[in-house]
Amino acid sequence: MKPKILLIGGGGHCHSVIDVIELEDKYEIEGIIDIKENIGKKVLGYEVIGCDDDLEALFKSYKNAVITVGQLKSNMLRVKLFTTLKNIGFNLPIIVSPLAYVSKHAFVDEATVVMHHALINANAKVGKNCIINTKVLIEHDAIVEDNCHISTASVINGGVVVKENTFFGSNATSKQYIEIDGFIKAGSLVK
Amino acid sequence: MKPKILLIGGGGHCHSVIDVIELEDKYEIEGIIDIKENIGKKVLGYEVIGCDDDLEALFKSYKNAVITVGQLKSNMLRVKLFTTLKNIGFNLPIIVSPLAYVSKHAFVDEATVVMHHALINANAKVGKNCIINTKVLIEHDAIVEDNCHISTASVINGGVVVKENTFFGSNATSKQYIEIDGFIKAGSLVK
Amino acid sequence: MKPKILLIGGGGHCHSVIDVIELEDKYEIEGIIDIKENIGKKVLGYEVIGCDDDLEALFKSYKNAVITVGQLKSNMLRVKLFTTLKNIGFNLPIIVSPLAYVSKHAFVDEATVVMHHALINANAKVGKNCIINTKVLIEHDAIVEDNCHISTASVINGGVVVKENTFFGSNATSKQYIEIDGFIKAGSLVK
């Protein structure tokens, strides 16, 4: 029997993560945690079974959780949830799509999700609580620090360091061996 | 024995579609329909066996067809062919590369081709007679209406609505949850 | 037993190529050739066993080599190494990631590496000593001449001709059926 997992956040990013978890086939999705008003509603067939206030009680039955709220303008909610869930005692496993590729020479830390068609190349390191979104490329020797969202189809080239809390926009590109920090617009080139 | 299929249009896009059909291994390519001057010529080993005027006669022997003319400045020819083929009675199946990924939570309508390395994510919907070209990303909850060409390596982000007849250029990027309509240049960012 | 291969150049690009060779599982990496100062050091676990001056002596034991120096501003070193290695008599095999896709209707010439998630589509031709880097798309009917670096996640569209010695920057995009020559900046659109 697969271990059960709770999904924290029931919006659009949650849809993508459900698809990854189903395909990975490693955890059974027990339900979604969202705002109180949504309890009882369904997200791609999974029920919203509680809100943030219920997390301590739910921990008695379920030990695994994944943060499925997105990160666009701010990652504050994701960071707060990470602390809350860790304090309660939840295990926040790495979720990796079987359609992604993570080099055996790379390292990915807890609570990070690696979405479909993403690629983390040799000698790269990705920190905690990051979204490595669909079709992202993290090239050789790059470092992505904690709490970053590397958005869809963007390219972190070789040796780049992405500082913590960075949002790197969809289809943006970085030059090699530079440092990146803050909010990077979709489609931009960072030199 | 695999069902036979006719390819309507023998240009560059046809080369890519042949590659997808061969790899999908679901249909046997019977031949190509192109302009009268090209009858007897070969396209990647498949013979041009007729022109548009022959479609009614060919329908007696072949029931499946895929539109393999491309769409750059206009989709008029693709739309016209779709109507013609449907009126004759042809079955216009969805063609999906085995190297693409279509979420089981996504929907793709008839006569649409999903090329190599394309990805259609959870809860997305793609209409009829579209080209979802090589390496395209259609993210969660996006809607692509009928007769669109989503060009190579472009990114339709979460919740976007692409109105019918849109050309979305190669490696272009859309912001999330916006509406897109008309002709979008290659490499551009649509906000 | 797998044939042995030498890697010429121990920098960042070498890390990516090691990952590809390990996954391809066709050659056993015997060691790295780098500058004299690095002899004895390790690159992802493989020892630097010599420098350029040792190549003739090493050829007595090893017949296969792959050029693993990168190409950013100039490809001069890669071109010089290609000539040196060929003159000595080395076999410079094509290296293709099992995560890449090369159409059976495409052609790739010697000493070229095709990295993870790259795609070379139907009727395309790639010359000698090229880097087709991670997540690159070479579309149908395109021609990439000798000694080019098609950088990460970039898009060479249908029917394009990339002249020899071209550097095509990361995530850059070309229009269809044009000629490309020289140094193309990352993220740019070539019309």
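Quick note: the coordinates plus some simple rules give every number you see, no bench work behind them. The shown structure was predicted, so the numbers you read here are calculated from the model rather than taken from an experiment. All Cβ positions, even for glycine, are placed from backbone atoms using ideal geometry, and neighbour counts span all protein chains on display.
By its C-alpha gyration tensor, with a ≥ b ≥ c as the square roots of the eigenvalues, how is the stretch C:29-72 shaped: rounded for a/c under 1.5, else prolate for a/b larger than b/c, else oblate? In terms of gyration-tensor shape, rounded. Each residue of the stretch C:77-93 was assigned a 3J(HN,Hα) from its phi angle through the Karplus curve 6.51 cos²θ - 1.76 cosθ + 1.60 (θ = phi - 60°); the sequence is 5, 5, 5, 4, 4, 4, 5, 4, 5, 5, 4, 5, x, 4, 8, 10, x Hz, with glycine and proline shown as x.
Taking a straight line from the alpha carbon of C:LYS26, these aspartates and glutamates sit under 18 Å away, with near neighbours fewer than eight places off in the same chain left out: C:ASP109, C:GLU110.
Here's the list of aspartates and glutamates a cross-link from A:LYS2 could span, going by alpha-carbon distance under 13 Å and ignoring same-chain residues fewer than 8 apart: A:GLU22, A:GLU24, A:ASP25, A:GLU28, A:GLU30. Across C:SER151, C:SER97, C:SER16, mean-square fluctuation computed from a Gaussian network of chain C (C-alpha pairs under 10 Å connected) peaks at C:SER16. Tell me whether the protein assembly as shown comes out rounded, prolate or oblate; compute the Cα gyration tensor, take square roots of the eigenvalues as a ≥ b ≥ c, and use a/c under 1.5 as the rounded threshold. Oblate, since a/c reaches 1.5 and b/c is not below a/b.
Using Cβ counts within 10 Å as a stand-in for footprinting exposure, how do C:CYS14, B:CYS148 rank, fewest first?
Fewest-to-most ranking of C:CYS14, B:CYS148: C:CYS14, B:CYS148.
For the stretch C:17-96, the alpha carbon positions stretch 29, 28, 27 Å along the principal axes, listed from largest to smallest. Legend: mean number of C-beta atoms from other chains within 10 angstrom of residue C-beta atoms, peptide B:166-173, equals 5. The relative contact order of chain C comes to 13 percent, based on Cα pairs under 8 Å that sit 6 or more residues apart. Across peptide A:135-147, the mean count of Cβ atoms from other chains lying within 10 Å of each residue's own Cβ comes to 4.
Of A:MET115, B:MET1, B:MET76, the sequence from fewest to most neighbouring Cβ atoms within 10 angstrom is B:MET1, B:MET76, A:MET115. Residue by residue along C:103-112, Cβ atoms of other protein chains within 10 Å of the local Cβ number 2 on average.
Could you tally the net charge around A:VAL43, taking each other residue with its Cβ under 12 Å from the Cβ of A:VAL43, Lys/Arg +1 and Asp/Glu -1? Kindly include the intermediate steps, with their values, before the conclusion.
Working: positive: A:LYS41, A:LYS42; negative: A:ASP19, A:ASP34, A:GLU47, B:ASP141.
Taking every Cβ under 12 Å from that of A:VAL43, the sum is -2.
Listed from fewest to most Cβ neighbours within 10 Å, the set C:TYR101, B:TYR62, B:TYR177 follows the order B:TYR177, B:TYR62, C:TYR101. Around the amide H of A:LEU189, modelled in the peptide plane, lie the amide H atoms of A:THR173, all under 5 Å away and 5 or more residues distant in sequence or on another chain.
Across the stretch B:112-127, coupling constants 3J(HN,Hα) worked out from phi with the 6.51/-1.76/1.60 Karplus curve, θ = phi - 60°, read 9, 10, 10, 7, 3, 6, 7, 9, 10, 8, 4, 6, 7, 10, 10, x Hz, and Gly and Pro carry x. When chain A is treated as a Gaussian network with alpha carbon springs shorter than 10 Å, the biggest mean-square fluctuation among A:ASN129, A:ASN87, A:ASN171 belongs to A:ASN87.
About its Cα centre, the dipole of the protein assembly as shown is roughly 540 debye, where the only charges are +1 on Lys and Arg Cβ and -1 on Asp and Glu Cβ. Of all the options A:HIS116, A:HIS140, A:HIS15, the one that moves most in a Gaussian network model of chain A with Cα springs shorter than 10 angstrom is A:HIS15.
Assuming charge only on the beta carbon of Lys and Arg (+1) and of Asp and Glu (-1), the dipole of chain C about its Cα centre is about 280 debye to the nearest 20.
Which whole-number value in Å³ per residue fits the convex hull of the alpha carbons of the stretch C:7-163?
Details: hull volume 15.9 nm³, N = 157.
That works out to 101 Å³ per residue.
With Cβ to Cβ distances under 14 Å as the rule, what net charge do the other residues near B:ASN157 carry (K, R +1; D, E -1)? Residues close to B:ASN157 contribute a combined charge of +1.
I'd like the distance separating the alpha-carbon centroids of the stretch A:3-33 and the stretch C:58-120, in whole Å. Spelled out, the Cα-based centre of one part sits 42 Å from the other.
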